[in-house]
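Reviewing the structure listed below.
Every read-out reported here was derived from the displayed coordinates using simple, explicitly stated rules and does not represent laboratory data. Model, not experiment: these values are computed from the prediction. Heads up, the Cβs are rebuilt from the backbone with ideal geometry, glycines too, and the neighbour counts pull from every protein chain shown.
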Amino acid sequence: MKRFQDLIGDCLKTVEEVFPWDLQEVMENDKSRPLLLDIREPYEYEAIHIEGSMNVPRGILEPACDYGYDDTVPQLVKARDEDVVVICRSGHRSVLAAHTMQLMGYQSVKSLKTGVKGWNDFELPLKTTDGKLIDSDDADIILAPNIKPEQMPPRRNQHRAQAAF
């Protein structure tokens, strides 16, 4: 059985990652800016995102990348030969999405290593959908994981005791 991190590791064999500071440099200096694809859920994107990024949630990525579907995003479909940087909160979902896009024929797709969290850690600007800049400390709060106790793995001793029954 593979776990989430195993899947990411498998995909990293073919997916290239770009660090936030390198992406910022490309965005400031290159004439041909990459397409920034934020694959987080709409509520995540609305709260905080990199300016100029496009939001296509991971759940509809495949039909968004192809013609003939309700979710088709023509700008994204046409970007198969362009530079695309996929973005998520921490840089994990974006690796899986970039791998999928490679399978769908995207020639130059990368994942933003460390995601929006890393972007914020490097103190690069983040905005809300209404264009308001978010303070770096406030962004830390928004981007902090909110893991509930029931989402944590069982402790070893509990697991063994349950397995005996």
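Look at segment 36-72 and say how many of its residues are buried (at least 20 other Cβ atoms within 10 Å of the Cβ), farther than 19 Å from residue 24 by Cα and aliphatic (A, V, I, L, M).
Total satisfying the criteria: 3.
Can you find, within segment 88-130, the residue that is surrounded by the most Cβ atoms within 10 Å (Cβ to Cβ) among those that are at positive phi and within 12 Å of the chain's Cα centre (by Cα)?
The first filter runs over segment 88-130 and keeps only residues at positive phi, leaving 91, 105, 114-115, 123.
Still in the running and within 12 Å of the chain's Cα centre (by Cα): 91, 114-115.
Values: 91: 23, 114: 19, 115: 26.
Among them, the one singled out is 115.
Restricting the search to segment 35-49, which residues are without any contact (Cβ under 8 Å) to a residue 24 or more places away in the chain and touching a helix residue (DSSP H, G or I) at 6+ places or on another chain (Cβ under 6 Å)? Before the answer, list the steps.
Let us first name the residues in segment 35-49 that are without any contact (Cβ under 8 Å) to a residue 24 or more places away in the chain, namely 41-43.
Listed by number, the list is empty, since nothing qualifies.
Name the single residue that is surrounded by the fewest Cβ atoms within 10 Å (Cβ to Cβ) among those in segment 8-33 being of a type in the set (A, V, I, L, M) and within 15 Å of the chain's Cα centre (by Cα). Give the derivation first.
Let us first name the residues in segment 8-33 that are of a type in the set (A, V, I, L, M), namely 8, 12, 15, 18, 23, 26-27.
Going one step further and asking which of them are within 15 Å of the chain's Cα centre (by Cα), we end up with 8, 12, 15, 18, 23.
On the way: 8: 19, 12: 15, 15: 21, 18: 19, 23: 23.
Only one residue tops the list, namely 12.
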